[in-house]
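The next block holds one structure in the form of structure tokens; read it before the comments.
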Amino acid sequence: MSQTVDSVLAAIDTAKVSAVKNNLSTAELAHIDLCIKIINNAANKLSEQIIQLPNMDAFI
């Protein structure tokens, strides 16, 4: 699960660069920045929860 969060966070910069290449308006760029803040916040909260999950190897 943490790999998924890491992958999403790693892809944010690439996605933003791709989006900016589309000659977006100031409002659209601001919206992208807001979305990135929301994604980062959610990823941080999710990462905190992931740490609390037990290692599943103990249940095998």
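The values are calculated or read from the model by the stated rules, or taken from the named source; none is laboratory data. What you see is a predicted model, and the numbers here were worked out from it, not measured in a lab. Cβ atoms come from the backbone with ideal geometry, glycine included; neighbour counts cover every protein chain shown. For accessibility, only protein heavy atoms count, side chains too; no ligands or nucleic acids. Shrake-Rupley method; radii C 1.70, N 1.55, O 1.52, S 1.80 Å.
General observations
- Residues in region 3-39 that are closer than 30 Å to ASN55 by Cβ and open to solvent by 60 Å² or more (accessible area, probe 1.4 Å): GLN3, THR4, ASP6, SER7, VAL8, ALA10, ILE38, ILE39.
- Any hit, region 6-24, residues being modelled with pLDDT of 90 or more, part of a loop (DSSP other than H, G, I, E, B) and either among the polar types (S, T, N, Q) or touching an Asp or Glu at 6+ places or on another chain (Cβ under 8 Å) (or both): yes
- Any hit, region 24-47, residues being touching a helix residue (DSSP H, G or I) at 6+ places or on another chain (Cβ under 6 Å) and not aliphatic (A, V, I, L, M): yes
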